[in-house]
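To start, the structure under review is shown below, and the notes come after it.
The values are calculated or read from the model by the stated rules, or taken from the named source; none is laboratory data. All of these numbers come straight from a predicted model, not from anything done at the bench. No Cβ is skipped: glycine too gets one built from the backbone with ideal geometry, and neighbour counts run over all protein chains shown.
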Amino acid sequence: MYSNKLGRLMFGLKGLKVTSASGAFQRAAARSGFSWAAVCKQRTLCVRSAVHTTVDPGEVKRFQLLANKWWDEEGEFAALHAMNDLRVPFVRDNLLNAQRERHPGQPLAGLRILDVGCGGGLLSEPLGRLGATVLGIDPVEDSVRIAQLHAAHDPDLRDRVSYRACTLEELSGEGEPQQPEQGVTQFDAVVASEVVEHLADLDTFAICCSRFLKPGGSLFITTLNKTNLSYALAIVVAEQLLHIVPRGTHDWEKFISPVELERLLESNGFLVQSVQGMLYNPISGAWSWTNNTEINYALHAVKQDDEAQDGSSPSGGHDEATHS
């Protein structure tokens, strides 16, 4: 019964400021008997601290309960299935721009990709079908089991896509601590799609990603901005009103702005190349690109080599959408 009102709200996002969009949402919520003041009180003030592990036990438990639903395209992960229409070309095209060799039919052949927080393999599989050798990792063992079973049905993926039940720092720790780059497989790209908003420590995440990437390698992230509008739509609307995703999936305090994420990455040897907004339409179930990053956004960064880091400054000269 909310679809018409919320549909009009979603379609108008591109031209609205946060204040006006939030006001529209508040009026719609008030008419439905929903208390905006009540949900605002649920927010808690916290400071993200380095705990030296990316894993939040509460998040692991939550996704453990959903492990068997990864490949239900009409279920809790329907929005992630639909997001492949944007994120797969986003990864493919940016990698191709950096490659000289071309492989018709398998454009990513010869490239190694690490899919962090792979879940049931929703992104790992299409990247493998494009020719990449993909390793998907996830701390939820049942999700990895589902990913392995699903990939086994496609003979083309058997030699290209593999999975491991482990955390990013566990995988990173397999190298010799005295020689941090030795004994660690390095990748052409690391992908973390809809992952960083569930992590306990983003500093550890950035350090591990840098360790796994070759110099010049790409890091791809899709996540949620930390704005009033993202709280209203990603949590109140998507979880509590429309049930697009299960209640409790997101913690607004873990959301991160493009500016803050860029600052974190640049302090760990990355140079951000582009940031682009993403918009989900709950009526059509489709994603589209937008210049507005107030809700969802995609980021592409490149690991600099030592010489580039010594001579560079965080100038922010990348292709930007409107940051908030």
Looking at Ala109, Ala98, which is the one that is touching a His at 6+ places or on another chain (Cβ under 9 Å) and farther than 18 Å from His150 by Cα? Ala109
May I ask you to verify whether Val245 is surrounded by 18 or more Cβ atoms within 10 Å (Cβ to Cβ), in contact with a helix residue (DSSP H, G or I) (Cβ under 8 Å, 6 or more places away or on another chain) and either free of Cβ contacts under 8 Å to residues at least 60 places away in the same chain or not in a helix (DSSP H, G or I) (or both)? yes
Within the group Ala189, Ala206, which residue is of a type in the set (Gly, Ala, Ser), more than 23 Å from Glu59 (Cα to Cα), modelled with pLDDT of 95 or more and in contact with a helix residue (DSSP H, G or I) (Cβ under 8 Å, 6 or more places away or on another chain)? Ala189
Gly128: passes all of (1) part of a helix (DSSP H, G or I); (2) over 21 Å from Leu219 (Cα atoms); (3) not acidic (Asp, Glu) but (2)
Sort out which residues of segment 253-293 are touching a strand residue (DSSP E or B) at 6+ places or on another chain (Cβ under 8 Å) and either free of Cβ contacts under 8 Å to residues at least 60 places away in the same chain or acidic (Asp, Glu) (or both), and write them in order of number. Phe255, Glu262, Leu265, Glu266, Gly269, Leu271, Val272, Val275, Gly277
Residues being part of a strand (DSSP E or B) and either in contact with a His (Cβ under 8 Å, 6 or more places away or on another chain) or modelled with pLDDT under 95 (or both): count how many of those fall in segment 222-240. 1
Members of segment 183-214 found to be under 19 Å from Ser274 (Cβ atoms) and part of a strand (DSSP E or B), listed by number: Asp188, Ala189, Val190, Val191, Ala192, Ser193, Leu213
Could you give me the residue pairs with C-beta distances under 7 Å whose first residue belongs to segment 70-90 and is under 17 Å from Ile113 (Cβ atoms), whose second residue is among the charged types (D, E, K, R) wherever it lies, and which are 6+ apart or on separate chains? none
